[in-house]
1. Examine region 216-233 for a residue that is touching a residue at least 24 places away in the same chain (Cβ under 8 Å), away from ligand 2 (no atom under 16 Å from the Cβ), open to solvent by less than 50 Å² (accessible area, probe 1.4 Å) and assigned to a loop (DSSP other than H, G, I, E, B), and state whether such a residue exists.
2. Which residue pairs have Cβ atoms under 7 Å apart, sit 6 or more places apart or on different chains, and have a first residue in region 1-22 that is within 25 Å of F52 (Cα to Cα) and a second that is more than 16 Å from ligand 1 (Cβ to nearest atom) and among the charged types (D, E, K, R)?
3. Mind listing whichever residues of region 29-39 are open to solvent by 10 Å² or more (accessible area, probe 1.4 Å) and touching a residue at least 60 places away in the same chain (Cβ under 8 Å)?
4. Could you say whether any residue in region 282-291 is in a strand (DSSP E or B), under 21 Å from the mean Cα position of the chain (by Cα) and modelled with pLDDT of 95 or more?
5. Hey, can you tell me all the residues within region 4-55 that are within 16 Å of ligand 2 (Cβ to nearest atom), within 30 Å of A104 (Cβ to Cβ) and part of a helix (DSSP H, G or I)?
6. Which residue out of A104, A129, A100, A110 is closer than 27 Å to F238 by Cα, within 16 Å of ligand 1 (Cβ to nearest atom), surrounded by fewer than 15 Cβ atoms within 10 Å (Cβ to Cβ) and within 20 Å of the chain's Cα centre (by Cα)?
7. Does E80 satisfy the criteria of being touching a helix residue (DSSP H, G or I) at 6+ places or on another chain (Cβ under 8 Å), away from ligand 2 (no atom under 16 Å from the Cβ) and of a type in the set (D, E, K, R)?
8. Quick one: which helices (runs of 4 or more DSSP H) lie wholly within region 96-176 and hold at least 2 residues that are over 16 Å from E77 (Cβ atoms) and away from ligand 2 (no atom under 16 Å from the Cβ)?
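The values are calculated or read from the model by the stated rules, or taken from the named source; none is laboratory data. All figures in this text were calculated on a predicted structure; none of them were measured in a lab. Quick reminder, even Gly has a Cβ in these numbers, built from the backbone with ideal geometry, and neighbours come from all protein chains shown. Each accessible area value is taken on the protein alone, full model and side chains, heavy atoms only, with ligands, DNA and RNA left out. Shrake-Rupley method; radii C 1.70, N 1.55, O 1.52, S 1.80 Å.
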Amino acid sequence: MIGDGMALSQVSAHWYWEGPDNIFRQFSSIGFHTSHSSDNLVTDSAAGATAFSCGHKTTNGAIGIYPDEASCGGIVEDLEKAGYATGMVVTCTATHATPASFIAHRELRAFTDEIALDYLQTPFDCLIAGGENNFRGRLDKKDLIDSLIARGYAVKSGSQMKEIPGKGEKPFVIFTDKQEPPTASGGRTYLPGATRLALNFLKKRSEKGFFLMVEGSQIDWAGHANDRNWLRAEMHDFDRTIRAVLEFAATDGETLVIVTGDHECGGLALTKGTGKADFKAEFSTRLHTAAWVPVFAYGPSASMFTGVYDNTTIYSKMREALGR
Ligand code: MG
Ligand code: ZN
């Protein structure tokens, strides 16, 4: 689970806003990762997510490729080949940097129409994301939704998460929006329910097990906008989503849950407020920063995630936990 732009100050602010019921209290295996990319101390989300998906540093803006631009084999591809089920649930478009880095291999994150094509190259079992317009209504006139259906996917539009498309018998895609989904403060509520839906689907999809990437995509955008109310709503939404996953994992007993961010965003400082127990959330930049990022783990092999390590180590620790 990736809170984009979520580092220690975002988690701290959430802890104070949410009070004693905040979900981060539930974790006892906690570590930190260093998030720098191959060419910059301050990473972007493309290099950040490529580090998680491929276990390699790359240049800022690069999607699922090495610095020399060769494709890196990602965890989704590896696990699909080995018979695991895989999925992603995000609150941005499917072609946005974080989900793209688990599926696509492209020189730049801005090549979103090309990134959409890679969803027909890399097998996956479920995707819940915005960005339907990158798949249908494209400049090149290709209808990638027809192509997905031809490949056996059930494809649905909308943000109601009542039932699994294709009755759970087919891989599926749910487009929650034509473009970017709304903000959590602007009426978007699907992330916890979509995550529950994906978990229940993936658990049944393969005997071997599954890999699910869930992203609270807009925590980062609130940071860029220096908007503390937006940040608060996104952190609350991500909290509810982590809660849903931990409930699943506690019942299931075989699921390792890893919650982290890709980098800090906004240089958030928690300064003295007006009252004794009050604080002010103040941003110092509209960009990302190089602050360490916390890693929270729960379930089998969770203790592997304590300590301080590089972001690429999250990939190798996941492989180790899988015994692969
Ligand atoms: Mg992202
Ligand atoms: Zn960002």
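1. No: region 216-233 contains no residue that is touching a residue at least 24 places away in the same chain (Cβ under 8 Å), away from ligand 2 (no atom under 16 Å from the Cβ), open to solvent by less than 50 Å² (accessible area, probe 1.4 Å) and assigned to a loop (DSSP other than H, G, I, E, B).
2. What qualifies is H14/D239.
3. Hits for region 29-39 are S29, I30, F32, T34, H36.
4. Our first condition is that a residue be in a strand (DSSP E or B); within region 282-291, this holds for 282, 288-289.
Now restrict to residues that are under 21 Å from the mean Cα position of the chain (by Cα): 288-289.
Narrowing the set further to residues that are modelled with pLDDT of 95 or more leaves 288-289.
Yes, region 282-291 contains at least one residue that is in a strand (DSSP E or B), under 21 Å from the mean Cα position of the chain (by Cα) and modelled with pLDDT of 95 or more.
5. Those that are within 16 Å of ligand 2 (Cβ to nearest atom), within 30 Å of A104 (Cβ to Cβ) and part of a helix (DSSP H, G or I): Q10, S45, A46, A47, G48, A49, T50, A51, F52.
6. Details: A104 fails: surrounded by fewer than 15 Cβ atoms within 10 Å (Cβ to Cβ); A129 fails: surrounded by fewer than 15 Cβ atoms within 10 Å (Cβ to Cβ); A100 fails: surrounded by fewer than 15 Cβ atoms within 10 Å (Cβ to Cβ).
Being closer than 27 Å to F238 by Cα, within 16 Å of ligand 1 (Cβ to nearest atom), surrounded by fewer than 15 Cβ atoms within 10 Å (Cβ to Cβ) and within 20 Å of the chain's Cα centre (by Cα) holds for just one of A104, A129, A100, A110, which is A110.
7. Working: touching a helix residue (DSSP H, G or I) at 6+ places or on another chain (Cβ under 8 Å): no; away from ligand 2 (no atom under 16 Å from the Cβ): yes; of a type in the set (D, E, K, R): yes.
No.
8. Details: elements: 97-103, 112-118, 144-150.
Counting at least 2 such residues, we get 112-118, 144-150.
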